[in-house]
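Worksheet: the structure to be examined is printed underneath.
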Amino acid sequence: MSKVIQELGKACEEWGFFVLVNHGIPETLIQGIIDAAKEFFDLPEDEKQNVSDPIKYGNGSVITTSNQKIFLWKDLLKFPLHPEFHCPVKPPNLR
């Protein structure tokens, strides 16, 4: 196994994430994706819920233990890009 893969694994185990730098993706593209995602999450709830398979939208989950319920809040939009691109219809900028 390469040293880079080992270091990525270690970062995930110790920190829970890693940041990739010097990847060559233009900052304008990254900012455009962030802006389009914000547009999606600013849509009314019924429009966000109106996505179809294989696109997934959600905004929370509950973990139930023997003596308590733990509510985890998160906004999630998941859409596959490969081998076929799937994207919500709204907002158009997300496409």
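The values are calculated or read from the model by the stated rules, or taken from the named source; none is laboratory data. Small disclaimer: the values here were computed from a predicted structure and weren't measured. Don't worry about glycine lacking a Cβ; one is built from the backbone with ideal geometry, like all the others, and counts go over all protein chains shown. Please note that ligands, DNA and RNA were not included when accessible areas were found on the heavy atoms of the full protein model with its side chains. Shrake-Rupley method; radii C 1.70, N 1.55, O 1.52, S 1.80 Å.
Some observations on this one:
- Computed from the Cβ-Cβ distance with R0 of 41 Å, the FRET efficiency linking Asp46 to Ile5 stands at 0.40.
- Solvent exposure of the chain as accessible area per residue, Å², 1.4 Å probe: 84 Å²
- Count, lysine Cα pairs under 18 Å in the chain, 8 or more residues apart or across chains: 13
- Surface share of carbon and sulfur [accessible, 1.4 angstrom probe, percent] for the stretch 36-95: 54 percent
- Derived scalar couplings ³J(HN,Hα) [the stretch 5-17; Karplus, 6.51 cos²θ - 1.76 cosθ + 1.60; whole Hz; x for Gly, Pro]: 4, 4, 5, 5, x, 5, 4, 5, 5, 8, 10, x, 6
- For Asp35 and Asp75, a Förster radius of 22 Å and the Cβ-Cβ distance give a FRET efficiency of 0.90, rounded to the nearest 0.05.
- Net charge dipole size for the chain [Lys, Arg +1 and Asp, Glu -1 on Cβ; Debye, nearest 20]: 220 debye
- Extension gain (nm, one decimal) between Ile63 and Val19, 0.36 nm per residue minus Cα-Cα: 13.0 nm
- Largest first and in whole Å, the equivalent-ellipsoid semi-axes of the chain read 27, 25, 13, each the square root of five times a Cα gyration tensor eigenvalue.
- Note that the stretch 53-65 has calculated 3J(HN,Hα) couplings of 3, x, 6, 10, 10, x, 9, x, 8, 10, 9, 10, 9 Hz, one per residue in order, obtained from phi through the Karplus relation 6.51 cos²θ - 1.76 cosθ + 1.60 (θ = phi - 60°); glycine and proline are x.
- Per-residue ellipticity at 222 nm computed for the chain from its helices equals -10500 deg cm²/dmol, with DSSP H segments shorter than 4 residues left out and the rest contributing -39,500 (n - 2.57).
- For the stretch 23-34, 3J(HN,Hα) per residue [Karplus equation, 6.51 cos²θ - 1.76 cosθ + 1.60, θ = phi - 60°, Hz, x = Gly/Pro]: 8, x, 7, x, 4, 5, 5, 4, 5, x, 5, 4
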